[in-house]
1. Would you check if there is a residue in the range 99-116 being closer than 22 Å to residue 31 by Cβ, touching a residue at least 24 places away in the same chain (Cβ under 8 Å), in a strand (DSSP E or B) and more than 12 Å from the chain's Cα centre (by Cα)?
């Protein structure tokens, strides 16, 4: 009887674990990279709507730029609006993200990468280390932490 019970438990365990949805890690990484690039592109284009779509909008969202940190979507929203009002023209600078390191943990992920900035003439002027922590909300990756450290 004990042998049958253990066999039944093992079969039940295998059945339950095999029913889990398989994650296509490459597809998730592509989607995460796309959100990171969309957010940065929207920032330089001064397209707040596109940038807005990349973030989670609650008090857990944070932005950190070197010595500046902003907690909660309400304050982040206000800070971006100030930047866009002060400097509304799209930037002529270009960016390229390289050396992505991404780990996915179910509906959470983090991404670390290098961002290279060039001016309108194509002259390199800055390298930054970018960090994003993301959560999957309704099937879409959203940024909950954005951190930038200029070198």
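1. Taking the range 99-116 first, the residues closer than 22 Å to residue 31 by Cβ are 99-115.
Narrowing the set further to residues that are touching a residue at least 24 places away in the same chain (Cβ under 8 Å) leaves 100, 102, 104, 106-111, 113, 115.
Then keep just the ones that are in a strand (DSSP E or B); that gives 100, 102, 104, 108-111, 113, 115.
Pick out the ones that are also more than 12 Å from the chain's Cα centre (by Cα) and you get 115.
Yes.
Condition check ((1) under 18 Å from residue 22 (Cα atoms); (2) buried (at least 16 other Cβ atoms within 10 Å of the Cβ); (3) in contact with a strand residue (DSSP E or B) (Cβ under 7 Å, 6 or more places away or on another chain)) across all residues:
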position	(1), (2), (3)
105	yes, no, no
114	no, no, yes
123	no, no, no
135	yes, yes, yes
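Values in this text are rule-based calculations from the coordinates and carry no lab data. These numbers were taken from a predicted model, which means no experiment stands behind them. Every residue, glycine as well, gets a Cβ built from its backbone with ideal geometry; the counts of neighbours run over all protein chains shown.
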